[in-house]
Structures are given as C-alpha cells and as structure tokens.
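A.B. asks: Submitted below is the structure of interest, expressed as structure tokens.
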Amino acid sequence: MNQYAPKAQSVATKRSSHKACLFGGAALLGLCAGLAVPNVALAQQSGASVTDQIVVTAQKRDQSIQDVGIAISAYSGEQLEKLGVETSIEIINFTPGVSMAGDIGGQRALFNIRGVVQNDFADLAEAPVAVYVDDGYLASTQAQTFGLYDIDRVEVLKGPQGTLFGRNATGGLVHSLTKRPTQEFEGYGKLSGGSYNHVRAEGAVSGPLAEKVAGRISVLYNNFGEILDNVHPGTDAQGRTGTPGGGQDGYNDDTFAIRGQLLFDFNDNVNLLVIGNYADTTKSEGPYQGIGSIPVLDAQGRHINTLRAQDTTSNCEAIAAGTNNCINLFADGDTDGIRPLVGGDLFGNVDPDGHGNKVDKDFAFDDENKIRSRGLAGKLTWDADWGTLTSITDYKHFYRSITLDSDQSATPLALFQSDGEIDQFSQEIRLNGKTENSDWVAGVYYLSVDTDMTQGLSYPTNSPFLVGFPQIVFGLVGVVFDPFEDNTTAKLRTDSYSAFGQFDFHLSDNWTLVTGLRGIIEEKKYNQTIGEFANTDDRLVETNVSTGFVPRAPFADNTSDFLWSGKAQLEYAPDANHLYYFGVNRGVKAGSFNGKLFDGVTLTDAQIPYKEEVLYSYEAGFKSTFGGGATRLNGSVFYYDYNDYQAFTWSSNSGFVTNNDATYKGAELELLTSPADGLDIIANVAYIDATVKDLEFAPGLTKDVTPSFTPEFKTAGTVRYSWPAFNGHLAAQTTASYQSSVFHNMRNFTAHRFGGWAEVNAQLSWESDDGNWLASVSVDNIFDSRHGVIGFDVSSFGGYTQESYARPRWTSVSIKRSF
C-alpha cells in the first residue's frame with residue numbers, strides 16, 4: 001500500500017524516525033497508548049531493533065503511532081503474546097481508560113472506553129464502541145468477544161472516531177488486524193496447557209501458491225473444563241425439582257476457529273486480499289451466581305434501592321423505605337413478606353460459598369450456549385501516481401443461542417432465553433492522496449444489517465411463579481398456570497449510507513490543521529411481537545404458535561434520519577520529540593428500538609424507539625520522547641458533553657434504553673522507560689468523572705448517576721527484565737493492575753456497587769536467539785482475586801442478584817515453534 005509522508009511535515013517525518021512504544025512487548029502494559037513501543041527487552045530476545053515502531057491505520061493511512069494526534073493504545077502480535085493475551089477482551093486489563101461491561105456472566109463482554117458503553121444485551125443493539133476486524137465492522141455485540149490468533153496488531157482508539165469509522169463509534173474503536181499472506185514460506189505452531197484442563201492450540205502456515213498468489217491459513221482450538229462446581233442436590237430448599245438433566249458444572253469453553261486468506265498481486269500497483277473465516281463456540285449456561293438481595297420500596301411501591309441480603313439482618317422479602325417493615329413480593333406464592341433465611345433469596349437459597357467456585361443451580365448444562373460466525377471479505381488496493389484507491393467488501397453472519405437460569409439457584413423460578421441471527425453486508429470505497437501541503441482521505445460507505453431475534457422469560461414446571469402470579473395478581477387461590485414463556489420476537493433492518501472526508505493541512509513545518517466531516521442517512525425498519533407460548537422444553541425458545549400462542553402488543557415502525565459527525569483539531573510539533581494537540585469532535589450513535597423482555601412491566605409505543613446520541617468531545621494531549629528514545633511520556637485530558645446519551649437501565653427482570661444528557665471529564669497519563677539494559681518499566685493511570693443526568697430510576701423519580709462499569713480510577717504497571725541465557729534470552733515479567741469500584745447497574749443502588757480490585761500476573765519466558773523457539777510459564781491472578789465482573793439486580797422479581805466473578809488463579813505453560 002502507499003504510505004504517505006507529507007513533504008511539508010519535516011518535523012513529523014523526523015519524529016517518525018524515533019518510532020515508538022517501549023519494549024516490543026512494551027505495551028506490556030498495553031501502554032502503547034499514544035506511543036509505539038520499541039522492543040527493548042523483547043528486542044534482545046528476537047534480534048529486533050530497539051527503535052522498531054508500531055504502525056497504525058487510525059486515520060485510514062499508515063502512520064507511526066507517535067505521529068497521530070489521537071490517544072491510542074496499540075499492541076503488536078508479539079507484544080500480545082508476551083503479555084499472554086488470548087482473547088479480544090483481555091487487553092482491557094492493560095489499557096488505560098478502558099474497562100469491561102457485558103452479560104451472560106461475561107460470556108459476552110463489551111468494551112467500555114472512558115465510560116462510554118451501552119449494556120443492552122438484546123441482539124438488535126449496537127455498541128457505542130465500534131469493533132472492527134480486518135477493516136470489517138462487527139454489528140453484533142456478541143462478536144466483540146473472540147479468540148486472538150495469528151494477529152498482526154490491535155489498535156484501541158479513544159474518543160469519537162465517527163468521521164472515518166462511522167455512526168457508532170462515539171466512545172472509540174477497537175481494531176484487530178491479522179497477519180497477511182507472505183511470498184516466503186513461514187508458519188508457526190503453539191501449544192498451551194494449564195488450569196482446569198485448559199488446552200489451547202494455534203498455528204498458521206503462509207507462503208506462495210503461484211507466481212503472484214500467496215495464501216495463509218490460521219487455526220485456533222481452545223478448551224477448558226468447568227470452573228464452577230455445581231453441588232445441586234436435585235431439589236431446592238423447599239423440595240422443588242428443576243429441569244431434568246440439569247445441575248451440571250459450568251463456566252467452560254470449547255472453541256474452534258479457522259481463517260483463510262488469499263493475496264493476489266496483479267502487478268506492482270494492484271492487489272486483492274480475500275479473507276474467509278469461521279468460528280464455533282460452545283459454552284455452559286451463563287456462569288452467574290445467585291446472591292440474595294432485598295429491594296427497598298417507597299410508600300407508592302416504587303423500587304428505590306437494593307441491599308445485599310448478607311449485609312443485613314433482615315429476612316424481609318422487601319423493605320419499606322425508612323422503616324424495618326416487610327413488604328410481600330408475589331413470586332414465592334405466599335403473602336407473609338418473609339424470606340425463609342436471612343441472607344437468602346425468596347425461596348431459602350443461599351450461595352454455597354459466596355464468591356467461591358461452588359454453586360447450587362438446577363438449570364445448568366455444560367453445553368447450553370452456542371455461538372457461531374462466518375464471514376467473507378475482499379480488499380482491493382490500487383496505488384497510482386495520484387493516490388490510492390481502496391475498496392473493502394465485507395459479509396458476516398452471526399448466530400447465537402443462549403439460555404441461563406434467571407434465578408441462579410436451585411429453584412426452577414424462571415429462565416432467560418435468546419436466539420438471534422444477524423446478517424450484515426458493507427461496502428467501502430475510499431481514496432487517499434496528498435498534495436505538497438496536505439494529506440487527505442475521502443470515501444463512501446454502505447452498511448446493511450438484518451437482525452432476527454427472539455428472547456424471553458420461560459417459566460418451567462414447578463416454578464413458584466406459576467402459583468404466585470395467579471394467586472397474588474388475579475386472586476386465583478389454588479390455580480396453577482401451565483408452564484409457559486413470554487417471548488419478544490423482533491426483526492430489525494438497518495440501511496446506512498454515508499460519505500466522509502478528512503483533510504490534514506500542514507500549515508507549516510510545525511503546525512497541522514485536521515478537519516473532517518461525515519454525513520449519514522440511516523434507515524431502519526422494525527417489527528416486534530410479544531407472545532405467550534406453551535413451554536414444552538426448557539432448553540428451547542418456543543416460537544411454534546401451534547403449541548399455544550397469545551399475542552401481546554405488536555409494534556412496527558420505520559425511521560429515516562440524517563446524522564453527521566465532524567472533527568477539527570490543531571497539532572503542534574516543535575521538534576521531532578514532541579507533539580501537542582487540541583481537538584473538538586462531534587460523534588453520533590444512531591437511534592434504535594427497545595426489544596424489552598416481558599417481565600410484567602411493558603413499555604408504551606412511545607418508549608420503544610430511542611433517539612440518536614450526540615457527543616461533543618473536547619480533548620488536549622501530548623506525546624513526548626526523552627533520553628534518545630529511552631523514555632516516553634504521553635498524556636491527555638478530555639471533556640465530553642452528551643446530548644441524549646443512550647442509557648440502559650435494568651429493573652425487575654429486564655432492561656431498556658432511555659435518552660439522557662450526560663457529562664464526562666477525565667485524564668490519562670502513561671510512562672514508558674528503559675533505564676538500563678534489559679530492564680523495561682511501564683506505568684499508566686486514568687481518571688474519569690462521569691455523570692448521567694436525571695435518570696428515571698423509578699417511576700416518576702430521577703437522579704444523577706454514574707454510568708455502569710465506569711471506574712473513577714484505573715492504573716496498571718509492568719516490570720520486565722531480560723538477560724542472556726541458554727543460547728537465547730530469559731525474561732521475568734510481572735504486571736499489576738488496579739481498578740476502583742463500579743456500579744453494575746445504571747440506577748446506582750447500594751447493592752449495585754462492585755468493590756475495587758487489584759490483580760497481579762507473572763511470567764517467566766525463554767526465547768532462542770534465532771527467534772524460532774519460545775517457551776513460557778505464567779500465573780495470572782496470582783492472589784486469586786474474586787472481584788465482581790458482571791451483575792444484574794433481580795431483587796424485585798425473585799429476591800436475588802445475578803453476579804459473576806473474575807476467573808480464578810490460572811497457571812499455564814506454553815511452547816511455540818516458528819519456521
């Protein structure tokens with residue numbers, strides 16, 4: 001591809017020569033943010049230059065990361081390997097300003113960049129942090145969690161990126177790029193084993209297939225056994241039996257993925273890259289644990305707070321605000337308002353060991369959840385005297401079938417079920433070019449997304465809900481409903497058309513003005529039906545109307561909106577070692593529709609659609625290099641002003657999105673230094689103060705809240721030392737990270753807070769002088785921190801909260817052979 005280095009940018013050109021990011025693994029703290037990290041210790045192991053840089057495509061052209069006026073964290077494939085990163089989401093621990101949200105006990109994880117996230121679990125929802133793989137956008141939030149194998153690099157861009165990357169990148173962008181076919185034969189094989197019978201194998205082979213054709217094939221297999229030990233005795237505390245065959249251990253993984261590439265070099269100026277991929281994952285039902293929790297209700301019966309039952313001496317089903325009086329909840333089928341046990345749920349269930357690995361769940365199967373994807377993409381590049389033409393055509397298909405025990409206990413109260421399929425197609429055509437005093441890119445983009453989703457709540461045989469609901473709601477004493485499920489079936493068609501351009505004007509050798517604009521026409525067609533079906537099989541999502549169907553509130557709507565995003569930024573480079581920038585960005589995330597579960601609380605027709613969110617971002621930053629490249633210091637400060645932020649609020653046993661204004665402010669600082677031969681030290685810290693305004697946390701009641709999964713402070717550090725030994729180099733490395741407390745629910749109730757946590761990892765590795773052999777022993781989460789990761793408050797439905805916790809201490813050994 002053409003790599004443009006503007007003639008007028010003499011300082012920037014010199015700055016590039018310093019390259020960037022400490023220790024090839026120097027993102028060993030992921031701290032390539034805003035830097036490119038030269039291989040210091042890692043360089044000694046592999047023979048790479050200390051000044052090796054990471055080249056990124058954050059502005060749709062190849063640039064040294066240190067020359068881009070954006071807060072970026074970037075990781076080469078080699079750095080990720082040294083860090084022990086195996087999945088897309090694991091880079092969060094090393095990246096400042098990035099945290100995790102998600103659902104299904106963490107089986108689906110979402111990137112939260114600077115507090116920007118939407119935790120809507122519906123398949124029709126798109127995230128405000130855009131995730132790309134090989135220039136292709138992933139519309140499915142489920143697709144954000146995937147295995148990393150045969151990776152060239154990963155780029156994390158912070159702040160709105162809508163000008164070049166589209167309408168759903170208000171929070172930022174995560175872009176994974178895989179290694180390309182080569183004209184020389186090469187490959188590798190890597191085998192790892194570890195805790196919980198973990199086996200991971202990956203490999204790749206690349207080389208010429210014909211004079212102007214090269215190919216590459218890459219494969220991944222990952223499997224580990226069940227982490228959660230299910231001690232379910234066959235009945236709950238009150239003698240109820242659950243789903244036949246249930247009670248199995250959980251929290252596992254069985255994944256196979258394959259990717260094939262063909263590169264056609266038609267001549268020196270034109271090439272075509274074709275990529276096909278397939279992945280298949282089977283997991284247990286969501287690895288939550290049920291923790292007793294007590295809703296606090298005001299005089300009007302509104303849910304205004306939640307308490308962890310184990311932190312109180314109360315055995316109330318619900319507590320009247322300002323008193324110790326008990327209030328009855330109907331789900332258990334009685335009217336006394338009293339729980340069987342202090343610290344338990346409505347049915348007397350208590351988690352066997354708190355945050356430990358033991359659970360007691362009736363609906364638990366080790367092969368319940370299935371996720372599949374496939375894709376085909378083509379990238380045509382034509383380098384000409386006037387610039388570069390790039391055409392990217394991409395098709396992806398995603399399938400997901402998920403069921404989990406909603407109550408996460410031995411009681412067969414309710415199940416959450418979801419089946420979804422997404423087909424998407426995109427086409428981008430862009431031109432890159434330059435003049436004597438500018439770099440520019442312009443293009444058009446089309447995206448089509450078809451989502452077909454069914455999700456609902458199922459009530460099994462013996463569910464106390466089948467007794468409690470008719471008795472308390474309808475006064476039908478002695479009546480028992482037959483097993484049924486309420487399913488929301490939704491179809492959403494999205495067509496998005498856009499045109500974009502960005503121009504970098506080099507005002508002088510030291511000053512650059514960056515301007516960009518994107519216009520978008522977004523069309524959506526939505527149909528929704530909520531229906532009551534007979535539940536004939538707890539492990540199936542019922543859609544067969546012949547088994548019994550009662551329609552509820554069908555809804556249909558079409559929308560067509562014009563959206564736009566823009567950028568204006570001034571950059572100053574006084575010399576080759578320093579870059580200062582200040583910019584204003586306007587980002588936009590398209591509106592959509594709520595496909596809410598039917599949990600007894602319905603939305604009006606006016607509440608089903610929600611509007612686009614608009615973000616005005618003001619950011620200033622610097623990138624500095626000292627000591628001839630041995631030390632780098634990067635920093636940024638930002639202020640976000642949101643109009644109609646899309647806030648996802650969870651209540652009862654479902655959630656929905658509303659539009660609220662919000663303000664965020666924060667800062668990030670990163671240090672990378674090599675004070676002595678073989679020694680690398682990296683440290684970073686991030687701070688954020690975020691407020692979502694006037695959230696309706698109960699009917700008619702509003703307050704300002706902190707967005708979900710947004711820590712006020714996050715910091716991390718890595719120390720790595722390498723020395724010659726055994727015809728190669730040994731390296732000892734330790735990484736520590738800390739995150740302050742977060743709320744897992746936008747309503748910010750007492751029981752929604754997960755405490756802060758610290759995690760320490762260590763690794764000892766050896767690499768041969770020729771780089772062909774690499775062996776390592778590592779221990780992750782050395783002190784076995786069992787901090788909270790994902791949570792859902794279901795206290796007003798069943799007196800409990802779904803919580804999942806960090807993966808326990810994990811030991812692994814790996815060996816890799818390259819050729």
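The values are calculated or read from the model by the stated rules, or taken from the named source; none is laboratory data. Small disclaimer: the values here were computed from a predicted structure and weren't measured. Note that we place each Cβ from the backbone using ideal geometry, even for glycine, and neighbour counts take in every protein chain shown. With ligands, DNA and RNA removed, areas are computed over all heavy atoms of the protein, side chains included. Shrake-Rupley method; radii C 1.70, N 1.55, O 1.52, S 1.80 Å.
A.B. asks: Check residue 661: other-chain or 5+ apart residues with amide H under 5 Å from its amide H, H built from backbone geometry?
C.D. replies: Distant-sequence amide H within range of residue 661: 644, 645, 693.
A.B. asks: Something else about it: What angle, in degrees between 0 and 90 and rounded to the nearest 10, separates the Cα long axis of helix 465-474 from the longest principal axis of the Cα atoms of the chain?
C.D. replies: 60 degrees
A.B. asks: Rounded to the nearest 5, what % of the DSSP beta bridges within the chain are antiparallel ones? Show your work: numbers first, answer last.
C.D. replies: Working: 350 of 359 bridges.
Around 95 percent antiparallel, to the nearest 5.
A.B. asks: Peptides 438-447, 755-764: what's the order by average Cβ count within 10 Å, highest mean first?
C.D. replies: Packing order, densest peptide first, comes out as 438-447, 755-764.
A.B. asks: What list of whole percents do you get for P(r) of region 640-682, with Cα-Cα distances grouped in 5 Å bins up to the one holding the largest distance?
C.D. replies: Computed distribution, short to long bins: 6, 15, 13, 9, 10, 7, 8, 8, 9, 8, 5, 1.
A.B. asks: Okay, next question. Two decimals is fine: what is log10 I(q)/I(0) at q = 0.14, 0.29 Å⁻¹ for region 58-101, from a Debye sum with one equal scatterer on every Cα and no solvent?
C.D. replies: Calculated log10 I(q)/I(0) at the listed q: -0.41, -1.08.
A.B. asks: Sorted by mean Cβ packing within 10 Å, highest first, what order do the peptides 81-89, 343-351, 381-389 take?
C.D. replies: So the order, starting with the most tightly packed, is 343-351, 81-89, 381-389.
A.B. asks: Follow-up. From the backbone phi of region 405-411, what are the Karplus-calculated ³J(HN,Hα) couplings (6.51 cos²θ - 1.76 cosθ + 1.60, θ = phi - 60°) in whole Hz, Gly and Pro given as x?
C.D. replies: In residue order, the calculated couplings are 6, 4, 8, 6, 8, 6, 7 Hz.
A.B. asks: Divide, for region 166-217, the radius of gyration over alpha carbons by 2.2 N^0.38 Å, where N is the residue count.
C.D. replies: So region 166-217 has a normalised radius of gyration of 1.74.
A.B. asks: Take the eigenvalues of the Cα gyration tensor for region 568-648, scale each by 5, and report the square roots as semi-axes in whole Å, largest first. Each step should come with its number before you reach the end.
C.D. replies: Values: eigenvalues 387, 41, 12 Å².
One finds semi-axes of 44, 14, 8 Å for region 568-648.
A.B. asks: Still on this structure, please answer the following. Leaving out ligands, DNA and RNA, what percent of the accessible area of the chain is carbon and sulfur, probe 1.4 Å? Provide the component values of the computation, followed by the final result.
C.D. replies: Numbers: 16080 of 28400 Å².
For the chain, the apolar C and S fraction of the accessible surface comes to 57 percent.
A.B. asks: Let me ask something else. Quick one: what do you get for the chain if you divide its Cα Rg by 2.2 N^0.38 Å?
C.D. replies: 0.95
A.B. asks: Only helical DSSP H runs with n ≥ 4 go in: add -39500 (n - 2.57) per run for the chain, normalise by residue count and round the 222 nm mean residue ellipticity to 500 deg cm²/dmol.
C.D. replies: -1000 deg cm²/dmol
A.B. asks: Ok, one more. Per residue, what accessible area does region 376-522 have, given a 1.4 Å probe and all protein chains present, in Å²? Before the final figure, lay out the partial values.
C.D. replies: Working: 5130 Å² over 147 residues.
Per residue, region 376-522 has 35 Å² of solvent-accessible surface.
A.B. asks: From the cross-link list 567/589; 589/623; 589/703; 396/567; 589/611; 567/611, which pairs have alpha carbons spaced over 19 Å apart?
C.D. replies: Those over the limit are 589/623; 589/703; 396/567; 567/611.
A.B. asks: When the C-alpha atoms of region 748-792 are aligned to their principal axes, what extent does each axis show, in angstrom, from largest down?
C.D. replies: Dimensions of region 748-792 along the principal axes of its Cα atoms: 56, 18, 11 Å.
A.B. asks: Using the Karplus equation 6.51 cos²θ - 1.76 cosθ + 1.60 (θ = phi - 60°), what ³J(HN,Hα) coupling, rounded to whole Hz, does each residue of region 648-662 give in order, writing x for Gly and Pro?
C.D. replies: 8, 10, 9, 8, 6, 9, 7, x, 7, 9, 10, 9, 9, 6, 7
A.B. asks: Summing +1 for each Lys or Arg and -1 for each Asp or Glu, what net charge is found among the other residues whose Cβ lies under 9 Å from the Cβ of residue 420? Walk me through the numbers before you get to the answer.
C.D. replies: Working: positive: 400; negative: 123, 419, 421, 452.
Local charge sum for residue 420: -3.
A.B. asks: Once you have all Cα-Cα distances for region 501-619, histogram them in 10 Å bins from zero and send the whole-percent values.
C.D. replies: 11, 25, 20, 16, 13, 10, 5, 1
A.B. asks: Something else now. What is the magnitude of the charge dipole of region 256-353 about its Cα centre, with +1 placed on the Cβ of each Lys and Arg, -1 on the Cβ of each Asp and Glu, and no other charges, expressed in debye to the nearest 20?
C.D. replies: The calculated dipole for region 256-353 is roughly 140 debye.
A.B. asks: For region 352-398, place one equal point scatterer on every Cα, skip the solvent, and apply the Debye formula. What is log10 of I(q)/I(0) at q = 0.15, 0.16 Å⁻¹?
C.D. replies: Per q value, in the given order, log10 I(q)/I(0) is -0.67, -0.70.
A.B. asks: Once you sort the root eigenvalues of the Cα gyration tensor of region 221-323 as a ≥ b ≥ c, which label holds: rounded (a/c under 1.5), prolate (a/b larger than b/c) or oblate (the other case)?
C.D. replies: Numbers: a/c = 4.79, a/b = 2.12, b/c = 2.27.
Oblate is the answer for region 221-323, as a/c is 1.5 or above yet b/c matches or exceeds a/b.
A.B. asks: Out of 224, 269, 248, whose Cα points farthest toward the positive end of the dipole of region 219-274 (charges: +1 Lys, Arg; -1 Asp, Glu; placed on Cβ)?
C.D. replies: About the Cα centre, the residue reaching furthest to the positive side is 248.
A.B. asks: Can you give me the Kirkwood hydrodynamic radius for region 251-311, using every pair of distinct Cα atoms, in Å to one decimal?
C.D. replies: 17.6 Å
A.B. asks: Still on this structure, please answer the following. Kirkwood hydrodynamic radius, region 647-747, all distinct C-alpha pairs: what's the number in Å? Kindly include the intermediate steps, with their values, before the conclusion.
C.D. replies: Numbers: mean 1/r = 0.0591 Å⁻¹.
After inverting the mean inverse Cα-Cα distance, the result is 16.9 Å.
A.B. asks: How large are Rg and Dmax for region 698-819 when only the alpha carbon atoms are used, in Å?
C.D. replies: Spelled out, the Cα radius of gyration and Dmax of region 698-819 are 21.0, 71 Å.
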